[in-house]
1. So, in segment 59-77, exactly how many residues are within 16 Å of ligand 2 (Cβ to nearest atom) and crowded, with 19+ Cβ neighbours inside 10 Å?
2. Spot the failing condition for Leu244; the list is (1) in a helix (DSSP H, G or I); (2) within 16 Å of ligand 2 (Cβ to nearest atom), and only one is missed.
3. Let me spell it out: the conditions are (1) more than 16 Å from ligand 2 (Cβ to nearest atom); (2) over 20 Å from Ile295 (Cα atoms), and Lys275 meets all of them except one. Which number is the exception?
4. Of all residues in segment 133-152, count the ones that are closer than 19 Å to Arg99 by Cα and outside any loop (DSSP other than H, G, I, E, B).
5. Does segment 136-146 include one or more residues that are within 27 Å of Pro313 (Cα to Cα), touching a residue at least 40 places away in the same chain (Cβ under 8 Å) and surrounded by 16 or more Cβ atoms within 10 Å (Cβ to Cβ)?
6. Could you identify the single residue in Ala175, Ala195 that is in a helix (DSSP H, G or I), touching a residue at least 12 places away in the same chain (Cβ under 8 Å) and buried (at least 16 other Cβ atoms within 10 Å of the Cβ)?
7. Of all residues being more than 14 Å from ligand 1 (Cβ to nearest atom) and of a type in the set (Val, Ile, Thr) in segment 239-295, which is nearest to Lys217 (Cα to Cα)? Just the residue, please.
Amino acid sequence: MEKKNIDWSNLGFGYVHTDYRYVSNYKNGAWDDGVLTEDANIVLNECAGVLQYAQTVFEGLKAYTTEDGHIVTFRPDLNAERLEASAARLEMPVFPKERFVDAVTRTVKANAAYVPPYGSGATLYIRPYMFGSNPVIGVKPADEYQFRIFCTPVGPYFKGGAKPLTIRVSDFDRAAPHGTGNIKAGLNYAMSLHAIVTAHQEGYDENMYLDPGTRTKVEETGGANFLFITKDNKVVTPKSDSILPSITRRSLVHVAREYLGLEVEEREVYLDEVKDFAECGLCGTAAVISPVGKIVDHGKEICLPSGMAEMGPVTKKLYDTLTGIQMGRLEAPSGWIHVIE
Ligand code: PLP
Ligand code: COI
């Protein structure tokens, strides 16, 4: 298969039209068989549930070309499970796990020409999503849904790649104490748009959101969970019911313990203690692990000892081990790598 003529190493995190996408419709209580289509456009009734009451959930995962030339995805079963949890919270039907993994496989295979080559620094980002498609005007769940998957080749989520980021403590919350912060619903991201636009205007790369109940604890950013490293090389990651259960973070906890022999604490992390950490990183599918060099809390600067020039040493080890597993350079734990072709 011949690859598309794309300048892989200069890709940003954006949408590139690829050849095929997967579509399945839910009607009368059942999903249809699903097809691959070349049509990237969706025609919807003006009153569709997704347009009126934001009834939509999504996922994000990546396909990689391994060192020995296979195309693989990373733990797609966990994305299927999280989509199920997200859908349940918004009263949407379940798209079965085996069908999810099969649909991801078919979509990536059909777009194999867009999977960036090994060593290019780029990957294929896969976006499964589901939305209420029939007219809904009283506030209630839709009766009909569409599940789709498209993919797009991407480079680094943050401009500058592995250069440490400067983030600010946000005055806005992205979640409510018993809300939807722990699911991957479009509504959480709509909530965060004003905060990210103003953060960028003020020269910050991202927002650190605090717990919405007390505003004393670190939660996550708009698109990634936090990892901190203590001065004695312990990995600390915030535990909260209102953050997204990141698959990257859960994988890194295992990598830290089992591959690197590091101690890991998953616990509440107070903003007050952040000044004592040695390193900080943002972890997620899009972010991979992006180092944070500085956190600004209303004019008060917290400068991580790892500095603004490069990733801290423990963060770098975590990054190298995780990407080594994803790209087939290191042996993966059983079930983590799903081979597509
Ligand atoms: N937190 C938020 C708010 C996200 O949008 C994401 C991205 O998916 C993550 C965390 C990281 O999750 P994952 O590692 O499963 O991609
Ligand atoms: C992902 O990492 O998959 C996400 O969905 C984050 C998003 C902000 C791009």
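The values are calculated or read from the model by the stated rules, or taken from the named source; none is laboratory data. Note that the coordinates shown come from a computational prediction; the quantities given were computed from them, not determined experimentally. Quick reminder, even Gly has a Cβ in these numbers, built from the backbone with ideal geometry, and neighbours come from all protein chains shown.
1. Number of matching residues: 9.
2. Of the numbered conditions (1) in a helix (DSSP H, G or I); (2) within 16 Å of ligand 2 (Cβ to nearest atom), the odd one out for Leu244 is (1).
3. The single condition Lys275 does not satisfy is (2).
4. 7
5. No: zero hits.
6. So the residue among Ala175, Ala195 that is in a helix (DSSP H, G or I), touching a residue at least 12 places away in the same chain (Cβ under 8 Å) and buried (at least 16 other Cβ atoms within 10 Å of the Cβ) is Ala195.
7. Per the stated criteria, the residue is Val269.
Conditions tested, residue by residue: (1) in a strand (DSSP E or B); (2) closer than 18 Å to Val296 by Cα; (3) of a type in the set (A, V, I, L, M); (4) not assigned by TED's automatic domain parsing to the domain that holds Pro291.
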{"residue": "Gly181", "(1), (2), (3), (4)": "no, no, no, no"}
{"residue": "Leu187", "(1), (2), (3), (4)": "no, no, yes, no"}
{"residue": "Phe228", "(1), (2), (3), (4)": "yes, yes, no, no"}
{"residue": "Val255", "(1), (2), (3), (4)": "no, no, yes, no"}
{"residue": "Glu258", "(1), (2), (3), (4)": "no, no, no, no"}
